[in-house]
Amino acid sequence: MPTDLAEHADPAADNDAMLTRFIASRDTPCPVCGYNLRSLLGNRCPECGRRLVLAVGTTEPRLAAFIAGLVGLSSGLGFSALLLIYVLFEAMFGRRGFSPSLLEITLLLVGAAVGAGGVAIWVRMRKRLGRVREAAKWGWAGAAWLIGITFPVLFLLTVR
Ligand SMILES: [Zn+2]
């Protein structure tokens, strides 16, 4: 049949056809709004209007190590940046005689920069991280935590 041939020549139309076949006889919730898509014709959720695609998934929690590392780096960034703002604000408008040492300010500045840079690199590395073995993944996540908390810990050891 010419129509069938045309359908298979276009991967997008082919995917839509497979989507229609897949949900024809299955109770399948829309991944966004939960609407039951069973027997739906077409590629948009009738409830929320989102475009639907048929996809291959995995049973492995592939994002856990990535999120763990991201939390470590973000913690370092948040700690250093917030304390830096606080210290600068106090020094300018706050208590008389409040003078943070150059070392303290440097540790906060470096901590914030390392945290921000680390988050940027970590996000770019997400797909590469997905390809390494599970143990190595968690090794990288641990390294991210170590990098994230190094300067906050040094700051806490310095401040009195
Ligand atoms: Zn929906």
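The values are calculated or read from the model by the stated rules, or taken from the named source; none is laboratory data. What you are looking at is a predicted structure, and each value in this text was computed from that prediction instead of being measured. Positions of Cβ are generated from backbone atoms using ideal geometry, with glycine treated the same way; all protein chains shown enter the neighbour counts.
Details
- Criterion violated by SER39 - all others in (1) within 16 Å of the ligand (Cβ to nearest atom); (2) hydroxyl-bearing (Ser, Thr, Tyr); (3) exposed (fewer than 15 other Cβ atoms within 10 Å of the Cβ); (4) more than 25 Å from PRO11 (Cβ to Cβ) satisfied: (4)
- Every test in (1) in contact with a Phe, Trp or Tyr (Cβ under 6 Å, 6 or more places away or on another chain); (2) surrounded by 15 or more Cβ atoms within 10 Å (Cβ to Cβ); (3) not aliphatic (A, V, I, L, M) is passed by LYS137 save one, and that test is (1).
- Among (1) in a loop (DSSP other than H, G, I, E, B); (2) within 15 Å of the ligand (Cβ to nearest atom) - the single one THR58 does not satisfy: (2)
- The listed residue being β-branched (Val, Ile, Thr) and closer than 15 Å to SER75 by Cβ, out of VAL110, VAL114: VAL114
- Complete set of residues in segment 125-153 that are of a type in the set (Val, Ile, Thr) and within 22 Å of ALA113 (Cα to Cα): ILE147, ILE149, THR150, VAL153
- Any chance ALA120 is within 24 Å of the chain's Cα centre (by Cα), modelled with pLDDT of 95 or more and not in a loop (DSSP other than H, G, I, E, B): yes
- Condition broken by ALA68, with the remaining ones in (1) assigned by TED's automatic domain parsing to the domain that holds TYR35; (2) more than 16 Å from the ligand (Cβ to nearest atom) satisfied: (1)
- Residues within segment 25-36 that are outside any loop (DSSP other than H, G, I, E, B) and surrounded by 13 or more Cβ atoms within 10 Å (Cβ to Cβ), tallied: 1
- Count of residues meeting criterion [charged (D, E, K, R), part of a helix (DSSP H, G or I) and exposed (fewer than 14 other Cβ atoms within 10 Å of the Cβ)] in segment 74-117: 1
- Those residues of segment 43-70 which are in contact (Cβ under 8 Å) with a residue 24 or more places away in the chain and either crowded, with 16+ Cβ neighbours inside 10 Å or not charged (D, E, K, R) (or both), in sequence order: ASN43, LEU52, VAL53, LEU54, ALA65, PHE66, ALA68, GLY69, LEU70
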